[in-house]
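Each reported figure results from applying straightforward, stated rules to the coordinates on display, with no laboratory input. Just so we're clear, the structure is a prediction, and the values are computed from it rather than from any experiment. No Cβ is skipped: glycine too gets one built from the backbone with ideal geometry, and neighbour counts run over all protein chains shown.
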Amino acid sequence: CADAPLAVTVGNDGQFRRFTAVLSIPDVADDERFATNSARVAHRDDLVPLLEEALSARTAREWQEALTEEGVPAGKVAGIGEGVTLAEDLGLEPTVDVQDREGRTVGRQFRHPARWTPPLESPTVAPPQLGQDTETIVAWLREPRHRTVRT
């Protein structure tokens, strides 16, 4: 697009026809090289420049709104920060504060995207520093119940 990449999902020939209509190039859908999904795949090298030229006329956000309104799934390709902001705007709570072992907040981490019913507690303790728990783990492994007996 004029300002950023756009992801578009055209899942069938009807969506492709709506897609080209929104882009103001409806004759492309009538071209036998692009009339069906298999034909579009076979002639991708001819199709891509036509779509890129049409999409360069507007911003990704403008195309996203226009295409979505016509039932063609589309969205601006975003970076991680933009994705987090969008998730927050949608009320999805994508991050969680994490604390050290003394309960002090030391940062934020991504929350697991799955939600469980009934809800599970999300871990809120920061991962240990390299080597922080070595002595505890080695002692635990030395307990008799963790020894493997080879015969």
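Between amide H atoms placed 1.01 Å from N, distances below 5 Å from Thr36 occur with no residue 5 or more places distant or on a separate chain. Considering the chain, its Cα convex hull presents a mean projected area of 17.6 nm². Taking N as the residue count of segment 6-76, its C-alpha radius of gyration divided by 2.2 N^0.38 Å amounts to 1.01.
About its Cα centre, segment 94-146 has a charge dipole of approximately 200 debye under the convention of +1 per Lys or Arg Cβ and -1 per Asp or Glu Cβ, with nothing else charged. Think of segment 6-76 as a dipole: +1 on every Lys or Arg Cβ, -1 on every Asp or Glu Cβ, centred on the Cα centre; then among Gly75, Leu55, Ala39, Gly75 lies furthest on the positive end.
Structural descriptor for the chain: relative contact order 20 percent, calculated from alpha carbon pairs under 8 angstrom and at least 6 residues apart. Amide H contacts under 5 Å for Leu6: Val77, restricted to partners 5 or more places along the chain or on a different chain, H placed in the peptide plane at 1.01 Å from N.
Normalised Debye scattering of segment 94-146 at q = 0.13, 0.14, 0.19 Å⁻¹ gives log10 I(q)/I(0) of -0.50, -0.56, -0.80, counting only Cα atoms as equal scatterers and leaving out solvent. Summing Cβ point charges (Lys, Arg +1; Asp, Glu -1) relative to the Cα centre of the chain gives a dipole of roughly 1060 debye. Most tightly packed first, judged by the mean number of other beta-carbon atoms within 10 Å of their residues, the peptides 101-113, 48-60 read 48-60, 101-113.
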